[in-house]
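Down below is the structure, laid out as structure tokens.
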Amino acid sequence: YNILRRDGKDSRAAMVAAAGDRFRPVLMITVAAVLGMLPLALSTAIGAELRNGVGIASAGGILVAGILTMVVIPVLPGLRRPPRD
């Protein structure tokens, strides 16, 4: 974002470009972490009922954090202050 602003892009275009650059890596990490938690969350083995809650909570938390990182966080600077240009 800062590099794009320094190169002369307006604030909104720089935010959109920066969010697009970070989308794929954040999505890949989120999907890998959630898929890694699925065996823990969906297990039916002996004693799994004690661990299922931890797996569901972990997968849900990682999923929510990924959504916040990809959608909400990039929008916040634009809502906090009006564009300077």
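The test for being under 20 Å from the mean Cα position of the chain (by Cα) and at pLDDT below 90 does not hold for ALA59. Looking across segment 1-56 at every residue that is closer than 25 Å to ILE73 by Cα and in a loop (DSSP other than H, G, I, E, B), the one that is modelled with the lowest pLDDT is identified as TYR1. For segment 65-83, the count of residues that are over 30 Å from ASP10 (Cβ atoms), open to solvent by 50 Å² or more (accessible area, probe 1.4 Å) and out of contact with any Pro (no Cβ under 6 Å at 6 or more places or on another chain) is zero.
The test for being open to solvent by less than 90 Å² (accessible area, probe 1.4 Å) and touching a helix residue (DSSP H, G or I) at 6+ places or on another chain (Cβ under 8 Å) holds for ILE62.
Kindly provide the set of residues from segment 1-53 that are touching a helix residue (DSSP H, G or I) at 6+ places or on another chain (Cβ under 9 Å), loosely packed, with under 13 Cβ neighbours inside 10 Å and of a type in the set (D, E, K, R), ordered by number. Once the filter is applied, which keeps residues that are touching a helix residue (DSSP H, G or I) at 6+ places or on another chain (Cβ under 9 Å), loosely packed, with under 13 Cβ neighbours inside 10 Å and of a type in the set (D, E, K, R), segment 1-53 yields ASP7, ARG12. Between ILE62, ILE46, the distinction of being free of Cβ contacts under 8 Å to residues at least 12 places away in the same chain and β-branched (Val, Ile, Thr) belongs to ILE46 only. For first residues located in segment 4-30 and under 15 Å from MET70 (Cα atoms), partners that are among the hydroxyl-bearing types (Ser, Thr, Tyr) and in a helix (DSSP H, G or I) and lie 6+ apart or on another chain with Cβ distances below 9 Å form the pairs ARG22/THR69; VAL26/THR69; THR30/THR69.
The values are calculated or read from the model by the stated rules, or taken from the named source; none is laboratory data. Fair warning: this is a prediction, and the values are worked out from it, not measured in the lab. Every residue, glycine as well, gets a Cβ built from its backbone with ideal geometry; the counts of neighbours run over all protein chains shown. These area figures cover heavy atoms from the full protein model, side chains too; ligands, DNA and RNA do not enter into them. Shrake-Rupley method; radii C 1.70, N 1.55, O 1.52, S 1.80 Å.
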